[in-house]
Every structure is written in C-alpha cells, then in structure tokens.
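Readers should treat all values here as calculations from the given coordinates under stated rules, not as data from a laboratory. Predicted model, so just to flag it, every value in this text is computed and none were measured. Here Cβ is always computed from backbone atoms with ideal geometry, including for glycine, and neighbour counts include all displayed protein chains.
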Amino acid sequence: MVLHLLVKGRVQGVGFRWYVQREAAEIGLRGWVRNTTDGHVEIVAAGEVNDLNELKTAVRKGSRGSRVDRVLEHELAESEGALLGPFEIEGAW
C-alpha cells in the first residue's frame, strides 16, 4: 500500500520532518517526507497496512513543539511505490 499524507498545522521549523523520518524508518517503511512551499509537510510512504496505520498515528500525534491541525490522506497506486527507497527527508541539508 502507498499513501500520500499532507500535514497541516505548525509542522515546519519544529523538527517534524526528522520525527516522521525516524518513526517511518523504525517501522520499516519506504518513502520520503518534505516541507511544502505553503507551510505544510508532505509524506509519501509505502508498506503494509498495519505499518502505515502506525505511521498515521505518529503523524497525528506530532513531534514535540509541533501542532497537527489536519492530515489529508490519499491512497496512491502500488506502482507509485515501486521506486521508493529507504525512508528519507527530501530537501534536508
């Protein structure tokens, strides 16, 4: 299963991407997380349904200092996950 999540709230400048990367890597998911230009965080994650549900729970909880107001979720085609590697932060220094 492949999911696209758009996380709205106070999620930039508070370590949220690092939090998501750590959680997703511990779960064993493939994919990426990145900031958007409009202040949100975008996530694409591939893995088993139960593992993705675990990530969604962590995302809704948020990192210390963050505030998650809304999570928009879309299921993507399995083919979208074919080229995803180990979970990483896109656009990080």
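Here segment 41-71 is the region considered, the condition is being within 11 Å of the chain's Cα centre (by Cα) and not in a helix (DSSP H, G or I), and the residue that is nearest to GLY13 (Cα to Cα) is VAL41. Of all residues in segment 1-35, those satisfying the criterion of being farther than 23 Å from ALA82 by Cα, assigned to a loop (DSSP other than H, G, I, E, B) and touching a residue at least 24 places away in the same chain (Cβ under 8 Å) are VAL11, GLN12, VAL14, GLY15. Restricting attention to segment 54-75 and to residues that are aliphatic (A, V, I, L, M) and within 22 Å of THR37 (Cα to Cα), the residue that is surrounded by the fewest Cβ atoms within 10 Å (Cβ to Cβ) turns out to be LEU72.
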